[in-house]
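A.B. asks: Sharing a structure, written as structure tokens. Questions coming.
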Amino acid sequence: MRKLYVIGIGAGDPDQVTVQAVKAMRQVETFFVIGKGEAKRELVDVRTAILAEHMDRPYRIVPIADPPRDRTPTDYVDVVDDWHDRRSALLESAFAAADGVGGILVWGDPALYDSTLRMIERVLARGVVRFDYEVIPGITSAQALAARHRIVLHGIGEPVRITTGRRLRDEGLGAENALVMLDGDCSFTTISAPDAHIWWGAYLGMPDETLIEGPLSEVAEEIVRRRAELRDRKGWIMDIYLLRRGE
């Protein structure tokens with residue numbers, strides 16, 4: 001493999017794939033897809049549908065089984081570091097067996113809460129395989145959330161803090177607009193802010209897209225209930241929300 005494209009494909013809607021991403025995809029001969037088990041098979045199916053819609057040349061897909069990791073670790077950083085190392089070793093083997101141009105389709109954008117670029121750097125640092133790579137940006141779930149709720153993510157001149165559920169729970173909301181990702185525990189329920197407003201979305205850009213917004217004190221329980229129902233039905237969930245004071 002002489003070249004690898006790391007391509008952001010948006011939040012799930014094939015129409016969110018940019019023209020630049022389509023042009024890059026059409027250079028690829030082998031796509032590497034990291035699967036997350038049968039329960040999350042739909043995530044692979046969405047990638048397959050995107051390829052079917054936009055590709056104009058033959059290609060092959062190399063599936064890679066995602067190695068398991070502890071989802072409730074006491075030492076989060078070390079556990080994730082080990083997981084990245086094992087993932088990068090699997091990618092290295094797949095890259096070594098491929099010829100020509102490869103590609104990895106990344107949910108949203110490769111620069112925001114995604115580990116693909118870190119793993120590629122680990123592969124290159126080991127020096128077993130060598131290749132050039134290019135990153136193609138994509139529409140993030142943050143942009144999709146704002147578009148679907150028809151909102152601006154911040155007030156005039158205000159910052160936006162992009163954070164995780166874990167950090168929100170530990171640090172609180174503060175005075176900023178908080179865009180929260182990777183929150184499996186509904187950390188917004190720990191926030192004590194009578195004036196807080198929430199804009200929540202799950203499966204953005206996909207057929208099961210679900211949106212809820214309102215004062216946090218009024219809709220928090222509805223979000224918790226609806227989120228649990230969706231996750232039980234589908235076996236997985238991807239969601240994101242914006243929290244803001246003073247609405």
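The values are calculated or read from the model by the stated rules, or taken from the named source; none is laboratory data. It should be emphasised that the depicted structure is a prediction, and the values quoted were computed from it without experimental measurement. Methodologically, a virtual Cβ is constructed for each residue, glycine included, from the backbone with ideal geometry; neighbour enumeration extends over all protein chains shown. Remember, those area values only see protein heavy atoms, side chains included, never the ligands or the DNA or RNA. Shrake-Rupley method; radii C 1.70, N 1.55, O 1.52, S 1.80 Å.
A.B. asks: Taking only region 24-36 into account, find how many residues are open to solvent by 10 Å² or more (accessible area, probe 1.4 Å), of a type outside the set (D, E, K, R) and part of a loop (DSSP other than H, G, I, E, B).
C.D. replies: 1
A.B. asks: If you check 243, 168, 179, 204, which single one turns out to be assigned to a loop (DSSP other than H, G, I, E, B), at negative phi and open to solvent by less than 20 Å² (accessible area, probe 1.4 Å)? Give the steps one after another, and end with the answer.
C.D. replies: Values: 243 fails: assigned to a loop (DSSP other than H, G, I, E, B); 168 fails: assigned to a loop (DSSP other than H, G, I, E, B); 179 fails: assigned to a loop (DSSP other than H, G, I, E, B).
Going through 243, 168, 179, 204 in turn, the sole match is 204.
A.B. asks: Spot the failing condition for residue 150; the list is (1) over 23 Å from residue 17 (Cα atoms); (2) of a type in the set (D, E, K, R); (3) open to solvent by 40 Å² or more (accessible area, probe 1.4 Å), and only one is missed.
C.D. replies: If we test residue 150 against (1) over 23 Å from residue 17 (Cα atoms); (2) of a type in the set (D, E, K, R); (3) open to solvent by 40 Å² or more (accessible area, probe 1.4 Å), just (1) comes out false.
A.B. asks: For region 97-111, how many residues are open to solvent by 40 Å² or more (accessible area, probe 1.4 Å) and out of contact with any Leu (no Cβ under 9 Å at 6 or more places or on another chain)?
C.D. replies: The number of residues fulfilling the criteria is 2.
A.B. asks: Here's something else I'd like to know. Out of 49, 21, 39, report the one residue that is part of a helix (DSSP H, G or I), modelled with pLDDT of 95 or more and not hydroxyl-bearing (Ser, Thr, Tyr).
C.D. replies: 21
A.B. asks: Working only within region 210-231, note down all residues that are open to solvent by 50 Å² or more (accessible area, probe 1.4 Å) and either basic (Lys, Arg) or within 21 Å of residue 142 (Cβ to Cβ) (or both).
C.D. replies: 211, 213, 225, 226, 231
For every residue, the table says whether it meets (1) under 23 Å from residue 238 (Cα atoms); (2) in contact with a strand residue (DSSP E or B) (Cβ under 7 Å, 6 or more places away or on another chain); (3) touching a residue at least 40 places away in the same chain (Cβ under 8 Å); (4) charged (D, E, K, R).
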{"position": "1", "(1), (2), (3), (4)": "no, yes, yes, no"}
{"position": "8", "(1), (2), (3), (4)": "yes, yes, yes, no"}
{"position": "19", "(1), (2), (3), (4)": "no, no, no, no"}
{"position": "25", "(1), (2), (3), (4)": "no, yes, yes, no"}
{"position": "30", "(1), (2), (3), (4)": "no, yes, yes, no"}
{"position": "46", "(1), (2), (3), (4)": "yes, no, yes, no"}
{"position": "81", "(1), (2), (3), (4)": "yes, no, no, yes"}
{"position": "99", "(1), (2), (3), (4)": "no, no, yes, yes"}
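A.B. asks: Could you list all residues from region 114-146 that are among the small types (Gly, Ala, Ser) and surrounded by fewer than 21 Cβ atoms within 10 Å (Cβ to Cβ)?
C.D. replies: Taking region 114-146 and keeping what is among the small types (Gly, Ala, Ser), we get 115, 125, 127, 138, 141-142, 144, 146.
Within region 114-146, 115, 125, 127, 146 qualify.
A.B. asks: For region 86-119, enumerate the residues that are farther than 24 Å from residue 142 by Cα, in a helix (DSSP H, G or I), touching a helix residue (DSSP H, G or I) at 6+ places or on another chain (Cβ under 7 Å) and not basic (Lys, Arg).
C.D. replies: 88, 91, 92, 95, listed by residue number.
A.B. asks: Say we look at region 1-18 and pick out the residues that are more than 12 Å from residue 50 (Cβ to Cβ), at pLDDT 95 or above and among the aliphatic types (A, V, I, L, M); which of these is surrounded by the fewest Cβ atoms within 10 Å (Cβ to Cβ)?
C.D. replies: Result: 6.
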